[in-house]
Amino acid sequence: MEQIKVRFAPSPTGYLHIGGARTALFNWFFAKSQQGKLVLRIEDTDAARLKEDSISQILASMKWLGIGWDEGPGVEGPNGPYYQSERLALYQKEVARLVAEGKAYYCFCTAEELAHTRELQLQAGETLRYNGKCRDIPLGEAERRIKAGEKAVVRLRVPESGEITVDDLIHGQVKFRLDQLDDLIIMKSNNIPAYNFACVVDDNAMGITHVIRAEEHLSNTPKQVLIYQALGYKTAQFAHIAMILAPDRSKLSKRHGATSVEEFREQGFVAPAIVNYLTFLGWSSGDEEEIITPKATIEKFSLDRVSKKAAIYDTKKLAWLNGQYLSSMDLDDVTREAMPFLLQKKLITEAQRGEQYNKIREIVAAVRTRVKTLVELAEAAEYFFKDITEYEEKGCRKHFAKPEAAELLAKCRKCVEAVECFDEVHVEEAYRQLTEDLAIKIGELIHPTRLALTGRTVSPGLFEVMVLLGKEECLKRMDQAIKYISAKKI
C-alpha cells in the first residue's frame, strides 16, 4: 500500500499566519492519522517578496506549536533540498523536456503587447487569455532568438476546449472549463519557475500523495492538473480547506487583531490553546467536546469531518480556551511561559528568574486561574514584585473612606504582627479571632487589608497573598496604607 505523504509549503513572505498554521496542523493530523509523513518545503523562489527573518520565524512558530515534520529544514530526508531556490536545476530540466516534446513553447510577447491584447479582449467582451501569438514559432527559430539575447517565457500548451474535473476530498467534484484558461507560463524569462509548475514538480519528486491546502488555491488546481498530465506524473489527491473569515464575514486582516502565530504568542497565548482552537476551526470531532489534545485529534481525524463552509474567527473563544489551559497546564510549564512576560514588565531580573524560581512559581500558581493570557498573568502578579504606589479609587471610596478605617487597619496590623507561624491557617485563625473580638464580619477586615497589600479590590485569597508577600512586607504595606488614610483623611 502506498504510504500517505503530505506537505506544508509556506512562502517566506511574512510570519506564520493563523490560516497557514491551521493548514499545517490539518496536514500533520492527517499524516499521523494515516501513519504517513509530513514534508516541510520552503517555497522561496519569489525573491522580490521574501522577508529576511520569515523562514526562521515560520520554523520557530511550527516548533512552538508542536508540529513536527518528517522531512524538511533541519530534518534532512531522501528528497531534499527542501528550499525551492536550491532546486532550480530540476525545474529547468523538466521545462526543457516539455519544450522538446512540443508540450510547451517559448513566448516572446512583451508586457506591452499582452496589455494591448487584454484591452482588445475587454472591448470585445471576450475572456481574458493569451491569444497564442507565439504558439507556432518553430523551436529552432525560438532557440536562435534566445541565443541572440531575446527574453522569453515558457508556456504550457493548454487545450482550447474541454474541461478538467477535480475530485476534491472536501468539496467533492469541481469542474473547470479549459476555454477559461491561458497557455500557462511555467518558466519566467529569468529562468525562475512559476509557482504552479514548481510545486507540481516538487510534489511529484517528493512523493506527495495528498495536497491539503487553503481553499484560495482551488483555482490553481486545474492548472496544476494540466501540468501533472503534461509531465506524465501521477496526479496527487487534493483537499481544499475553507477560508477563515472575520466575525463580520469579511476577509481576515490586521484590523481584526492578531493574525500571525507570533503575534498571538506575544499577546500571551500558549501553544496548546492555539492548537486546540485551530483544531476546531473548520473540523469537528463528532462530539461536543471543547478541549482536545493533538493525540486525541489524531485518533479521530479524517478529511470528511472538515467543513466545506468558512470558519469564523472568534478571539473570545480563543481567550476562553487559553484561560482553561493556563489553569490546567503543568505549573512548571506555565511558569516557564510566564517568565518572558514578567521580565518584559521588569517585575523580575534574569538573575531572579533562576534564583527565585520557586517563589515565582508559587505566585504563578496563585494568579493563573484568574487570567486568560500571560500578559494578564503578569499584570495580576505585579504587586507581588513591586511596591504599592496607588490604590484603586473605587476601593478607597468603599474601604478606606470609613471613619474607623485607619484604626481598623491598625488592629489588623497588630494582629498580623502577633502571628508567629506565618502560614495561611494561622493568619486566617488570627483574623477570625479578631472579627469575634470586634463583633464584625470578616469581610470588614479582609477588604481593607487586601486593598492595603495589593492596591486592588480583587486578588487571589487574601491569606494566600499574605503568605506569599511575607510577614515583614505585609506589615510595611499596612503601615503605608494607614499613613495614606490618615494623611488623605478620606
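The values are calculated or read from the model by the stated rules, or taken from the named source; none is laboratory data. For clarity, every value in this text was computed on a predicted model and none was experimentally measured. Every residue, glycine among them, receives a Cβ derived from its backbone with ideal geometry; neighbour counts consider all protein chains shown. Protein only, heavy atoms only, side chains kept; ligands, DNA and RNA dropped before computing areas. Shrake-Rupley method; radii C 1.70, N 1.55, O 1.52, S 1.80 Å.
Extension gain Q344-F108, at 0.36 nm per residue separation less the Cα-Cα distance, in nm?
In short, 79.3 nm is gained.
Past 20 Å, Cα to Cα, is the threshold; run K93/K147; K359/K386; K414/K471; K359/K394 against it and keep the listed order. Numbers along the way, then the final one.
On the way: K93/K147 18 Å; K359/K386 14 Å; K414/K471 12 Å; K359/K394 30 Å.
Cα-Cα > 20 Å for K359/K394; rest within.
Report the gain in length on full extension from K151 to A205: 0.36 nm times residue separation, minus Cα-Cα distance, nm rounded to one decimal. Intermediate values should be presented prior to the final figure.
On the way: separation 54, 0.36 × 54 = 19.44 nm, distance 2.87 nm.
Taking 0.36 nm per residue and subtracting the Cα distance, the gain is 16.6 nm.
Nearest 10 degrees, 0 to 90: what angle lies between the long axis of helix 18-33 and the longest principal axis of the chain (Cα atoms)?
80 degrees
State in Å² the accessible area per residue of segment 355-430; use a 1.4 Å probe, count heavy atoms of protein chains only, and round to the nearest integer.
Solvent-accessible surface per residue comes out at 58 Å².
Take every DSSP beta bridge with both residues inside the chain and express the antiparallel ones as a percent of the total, to the nearest 5.
Here the share of antiparallel DSSP bridges comes out near 55 percent.
Using the heavy atoms of the protein chains and a 1.4 angstrom probe, tell me the accessible area per residue for segment 307-350 in square angstrom.
Averaged over the residues of segment 307-350, the accessible area is 53 Å².
Considering all alpha-carbon pairs of segment 4-56, what whole percent are spaced by more than 17 angstrom?
Cα-Cα pairs in segment 4-56 separated by more than 17 Å: 40 percent.
What trypsin sites (Lys or Arg not before Pro) in segment 378-474 are in a loop by DSSP, with at most 12 other Cβ atoms within 10 Å of the Cβ?
K386, K441
May I ask you to list the residues of segment 261-290 whose amide nitrogen lies under 11 Å from a point 7 Å from Cα along the Cα→beta-carbon direction of K317?
Label zone hits: 277-284, 290.
Using the scaling law 2.2 N^0.38 Å as the reference, what is the normalised Cα Rg of segment 1-143?
Relative to the rule-of-thumb radius for its length, segment 1-143 sits at 1.42.
For segment 412-490, what log10 I(q)/I(0) values come out of the Debye formula at q = 0.15, 0.19, 0.22 1/Å, with one point per alpha carbon and no solvent?
Ignoring solvent entirely, the Cα scatterers give -0.48, -0.79, -1.06.
Once you put a point 7 Å from the Cα of V75 and another 7 Å from the Cα of K386, both along the Cβ direction, what distance in nm separates them?
Label at V75, label at K386, 4.2 nm between them.
May I ask for log10 I(q)/I(0) of the chain at q = 0.07, 0.08, 0.11 Å⁻¹, from a Debye sum over the Cα atoms as equal point scatterers with solvent left out?
Calculated log10 I(q)/I(0) at the listed q: -0.56, -0.66, -0.96.
When only DSSP loop residues count, what GluC sites (Glu not before Pro) in segment 284-379 have their Cβ near at most 15 other Cβ atoms within 10 Å?
Of the GluC sites (Glu not before Pro), the ones in loops of segment 284-379 whose Cβ has at most 15 other Cβ atoms within 10 Å are E288, E289, E290.
Pop out the carbon and sulfur fraction of the accessible area of the chain as a percent, whole number, probe 1.4 Å.
Result for the chain: 49 percent of the exposed heavy-atom area is carbon or sulfur.
Which part of segment 275-306 falls in the paramagnetic zone of A60, meaning amide N under 20 Å from the point 7 Å along Cα-to-beta-carbon?
Zone members listed by number: 275.
If you check each cysteine of the chain for another cysteine whose beta-carbon is under 4.7 Å away, which ones come up empty?
Those would be C109, C199, C396, C412, C415, C421, C474, since no other cysteine Cβ in the chain comes under 4.7 Å of theirs.
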